[in-house]
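Undergrad: Have a look at this one before I ask anything.
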Amino acid sequence: MTIVKHCPHCNLSFEAQDSGDGPAFFVLVVVGFLSVGLAAFTEIKFTPPLWLHAVLWVPFTLIASIAFMRFFKAWLIAIQYKHNPGIFEP
């Protein structure tokens with residue numbers, strides 16, 4: 001996923017931004033916590049067969065990972081801007 005070169009509204013340059021592996025780390029932690037926690041709760045509460053776990057948690061994990069990646073990438077770039085605005089050139 002790439003970001004635009006500049007803001008279309010204020011012409012702020014984003015070319016110096018690189019969020020690196022940060023978004024992937026946060027997605028791994030958050031989605032992993034949710035997937036394992038919900039799967040454990042489901043197993044303890046309902047004791048479904050293993051195929052139902054696969055049907056439930058594989059799509060959930062994939063969709064949640066894709067959905068959260070954009071949020072965490074934008075969040076990390078915003079945090080970089082907040083704490084080091086000198087690297088941004090309008």
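The values are calculated or read from the model by the stated rules, or taken from the named source; none is laboratory data. This is a predicted model, so every value here is computed, not measured. A quick note on method: Cβ atoms are made from the backbone with ideal geometry, for glycine too, and the neighbour counts reach across all protein chains shown.
Undergrad: Give the residues of the range 51-69 that are of a type outside the set (A, V, I, L, M) and either surrounded by 12 or more Cβ atoms within 10 Å (Cβ to Cβ) or at positive phi (or both), sorted by residue number.
TA: Passing the criteria: His53, Trp57, Phe60, Thr61, Ser65, Phe68.
Undergrad: May I pose another question? Suppose we filter Val27, Val36, Val31 for residues that are without any contact (Cβ under 8 Å) to a residue 24 or more places away in the chain and not aromatic (Phe, Trp, Tyr); which single one remains?
TA: Result of the check over Val27, Val36, Val31: Val36.
Undergrad: Of all the residues that make up the range 1-18, how many are in contact with a Lys or Arg (Cβ under 9 Å, 6 or more places away or on another chain) and not in a loop (DSSP other than H, G, I, E, B)?
TA: The qualifying residues number 1.
Undergrad: Name, by its number, the condition in (1) on the phi < 0 side of the Ramachandran plot; (2) modelled with pLDDT of 95 or more; (3) out of contact with any Phe, Trp or Tyr (no Cβ under 6 Å at 6 or more places or on another chain) that does not hold for Thr47.
TA: If we test Thr47 against (1) on the phi < 0 side of the Ramachandran plot; (2) modelled with pLDDT of 95 or more; (3) out of contact with any Phe, Trp or Tyr (no Cβ under 6 Å at 6 or more places or on another chain), just (1) comes out false.
Undergrad: Out of the residues in the range 1-15 meeting the condition of being surrounded by 11 or more Cβ atoms within 10 Å (Cβ to Cβ) and touching a residue at least 24 places away in the same chain (Cβ under 8 Å), tell me which one is nearest to Phe72 (Cα to Cα).
TA: Ile3
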